[in-house]
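This report refers to the structure that appears directly beneath it.
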Amino acid sequence: MNIKPVDLAYEEIGQGTPVLLVHGFPVDHTIWLQVAEGLKDEARVIMPDLRGFGDSPDSNEVFTMRLLAEDLLALIDRLKLEKVVLVGHSMAGYAVLAFAHAYPNRLAGLGLVATQADADTPERRQARLVTARETKRRGVRYIADGMPSKLTQNVDIQQQLHENIMKCRTTSLVNALKGMADRSDANPWLAAIAVPTVVIAGRNDQTIPLQRSVTLAQMLSKGWLVEIPEAGHMPMLETPQEVVSALRQLICHVAGCG
Ligand code: MLT
């Protein structure tokens, strides 16, 4: 495999257990700012921008989940961290599961937020590749106009997401869509994940049905589910306090309770 990691841009706040909060598609690290504020007294919270998003460098290749995982490893190495709590939202959940498979000994804990272990079905994969083609043809606005109302029912957050998505580059959106379409089924390696893992899911998630999170939590030997009744696909923006509480509980499992 020819993998060349890029130096990810990141923002950090707080002191304590190292926790990486990784954003999904098609936004950047700023979705995590409220949650980071709530964790800063017990955690060193590091919020990277994935390759091609926010201030991180772009690259003209498919953003496979393994590639995104290698970028995260390079950042963890650059920060000289031996083990981290790695939290991924949606697409970053797929990347975090690829990381858990490849580098289990660099993990102290895992957070899987509004995500799933399943690969795309053939129909979903096809639909994603059509979206990639349309995005290439029509530009970022195609995603920015169509996606926010599927992610949350909160109109203020929809507006915030629209602004965030409009900062993306078309090529990054296309490369990330192709990377998600090509991802592997992570179910076969879930049982080997030996660290405490919280699965956080919004009951109104239109992108990843709640049942996938229920099953995911059941398949993890040290996993548990936090279901948030008021949230959709963006619990870190819709219900940040609930996400802070869930991640505090995870940190407590990993590092002991203060
Ligand atoms: C995300 O929020 O990262 C994506 O919507 C996930 C997906 O499309 O599977």
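What follows is calculated from the coordinates using simple rules that are stated; it is not laboratory data. These numbers were taken from a predicted model, which means no experiment stands behind them. Quick reminder, even Gly has a Cβ in these numbers, built from the backbone with ideal geometry, and neighbours come from all protein chains shown.
On full extension, the segment bounded by Asp120 and Asp156 gains 10.0 nm, given 0.36 nm per residue less the C-alpha separation. Note on the stretch 24-65 and the stretch 198-258: Cα centroid distance 18 Å, given to the nearest whole angstrom. The slack in the chain from Lys80 to Arg138, taken as 0.36 nm per residue of separation less the alpha-carbon distance, amounts to 16.7 nm.
Taking the inverse of the mean 1/r over every pair of distinct Cα atoms in the chain gives a Kirkwood hydrodynamic radius of 17.9 Å.
For a 4.7 Å threshold on C-beta separation, the list of partnerless cysteines in the chain reads Cys168.
Selection among Ala132, Thr152, Gln116 by position relative to the dipole of the stretch 116-173 gives Ala132 as farthest towards the positive end (Cβ unit charges, Cα centre). Label separation (Trp224 vs Asp41): 2.1 nm, computed from points 7 Å beyond Cα along the C-beta direction.
The charge dipole of the chain, taken about its Cα centre with unit charges on the Cβ of Lys, Arg, Asp and Glu (plus for the first two, minus for the last two), comes to roughly 660 debye.
Ranked highest first by the average count of other Cβ atoms within 10 Å around their residues, in what order do 226-236, 163-173, 115-125 fall?
With the highest mean Cβ count within 10 Å placed first, the list reads 226-236, 163-173, 115-125.
Within the chain, antiparallel bridges make up roughly 15 percent of the DSSP beta bridges whose residues both belong there.
Step by step: find N for the stretch 120-258, compute 2.2 N^0.38 Å, then divide the Cα radius of gyration by it. What's the final number?
Values: Rg = 17.0 Å, N = 139, 2.2 N^0.38 = 14.3 Å.
That works out to 1.19 for the stretch 120-258.
Only Lys, Arg, Asp and Glu carry charge here, each on its Cβ (+1 for the first two, -1 for the last two); on that basis the stretch 129-203 has a dipole of about 320 debye about its Cα centre.
Quote the FRET efficiency, to the nearest 0.05, computed for Glu163 versus Cys257 with a Förster distance R0 of 35 Å and r equal to the Cβ-Cβ distance. Plugging the Cβ-Cβ distance into 1/(1 + (r/R0)^6) gives 0.40. In this rough spin-label picture, where each label sits 7 Å from Cα along the Cβ direction, the Ala127-Gln206 distance is 1.2 nm.
On full extension, the segment bounded by Ser149 and Ala191 gains 11.7 nm, given 0.36 nm per residue less the C-alpha separation.
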